[in-house]
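Below: one structure, written as C-alpha cells.
The values are calculated or read from the model by the stated rules, or taken from the named source; none is laboratory data. What you see is a predicted model; the values in this text were computed from it and never measured. When we count neighbours, we look across all protein chains shown, and the Cβ atoms used for this are built from the backbone with ideal geometry, even at glycine. Side chains included, ligands, DNA and RNA excluded: accessible areas come from the protein's heavy atoms. Shrake-Rupley method; radii C 1.70, N 1.55, O 1.52, S 1.80 Å.
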Amino acid sequence: AGNLARHTLTLNDLSQLKAEAVANRLNKANPQAQIAAICDDFPPRSPIEKEACNDCDVIIDCTGSDEVLLSLKNFPWKSDKVFYSFSIGYGAKRLFCFQTWSNQFPHSIFHSMIQPWLDLERKENPNAVMPMEGIGCWHPVFPARNDDVWLLASSGIKWLDATIMDVQLQEHRMAIFEQVYENGLFAGVHLRT
C-alpha cells in the first residue's frame, strides 16, 4: 500500500500485478494506447516475452536500477530502439531524463552523463541519511511526496513527447528538470539542461 504514493493507481488496484494495473490504467487514459503488460523481471526469460520486448519501438526505463540498465545494455535487441531512462533524484527535487537511439542501451555513456548530477545531489544533502541501495521513488521510505513524483513524471512525459520524433538527430541526450522555489514558494519546474 505504501507504493501507492508513487503512482496514480489506487487501493482498488492492490490485488492486481502492478504491470497489469498500470497497463490497464494507461490503456483507459488514451484510446490510441496499445499497452501490454509483461509481469516478469527484466530481462524476460520466456521466448514469447523476449520477442514482445523486441517488437517494441520505444523502451522506457523508470526503475532507477543499475541492474536493469545493464540488462538493457546486454539484452539481444534485434534492431535499433529509442531508449529513455527516467530517474528521480533525492527528495524528488530533480528528474533525470536520458534518451538515445541505438541497438543497445549505452550504460557507460548514461553513467558519465548522470554522474555529475548525482555528485551534486550528494553535495547538496551532506547530512541526509540516504536510503539503502535500491530504494527509489517507488519505495515508501523515499523522502518525497506523491505530488512531487507526479509533477516530475508529468514533466518527463512532456519531454518524451517533445523529443521522440527527432531522436535520430542526436545520438544521446540528457535533460534535467528541477523544482524551483522562490521565497519559499513553489515557482515551477525548470529545465536545467
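Worth a mention:
- The modelled label-to-label distance between Thr193 and Leu120, using points 7 Å beyond Cα along the C-beta direction, is 0.7 nm.
- Highest-fluctuation residue, Thr63, Thr100, Thr163 considered, GNM on the chain with Cα pairs under 10 Å: Thr163
- Low-density loop cleavage sites - trypsin sites (Lys or Arg not before Pro) in region 45-103, where at most 12 other Cβ are within 10 Å (DSSP): Arg45, Lys78
- In whole percents, the pair-distance distribution calculated for region 1-113 from its alpha-carbon pairs, binned every 10 Å from zero, is 12, 39, 38, 11, 0.
- Distance histogram in 10 Å bins (all Cα pairs of the chain, percent per bin): 8, 32, 39, 18, 2, 0
- Measuring against 23 Å, Cα to Cα, the residue pairs Lys93/Lys123; Lys28/Lys73; Lys81/Lys158; Lys28/Lys158; Lys18/Lys50; Lys28/Lys78 contain Lys28/Lys73; Lys28/Lys78 as the ones spanning a longer distance.
- For the chain: relative contact order, % (alpha-carbon pairs under 8 angstrom, 6 or more apart): 21 percent
- Per residue, the chain exposes an accessible area of 61 Å² to a 1.4 Å probe, with every protein chain left in place.
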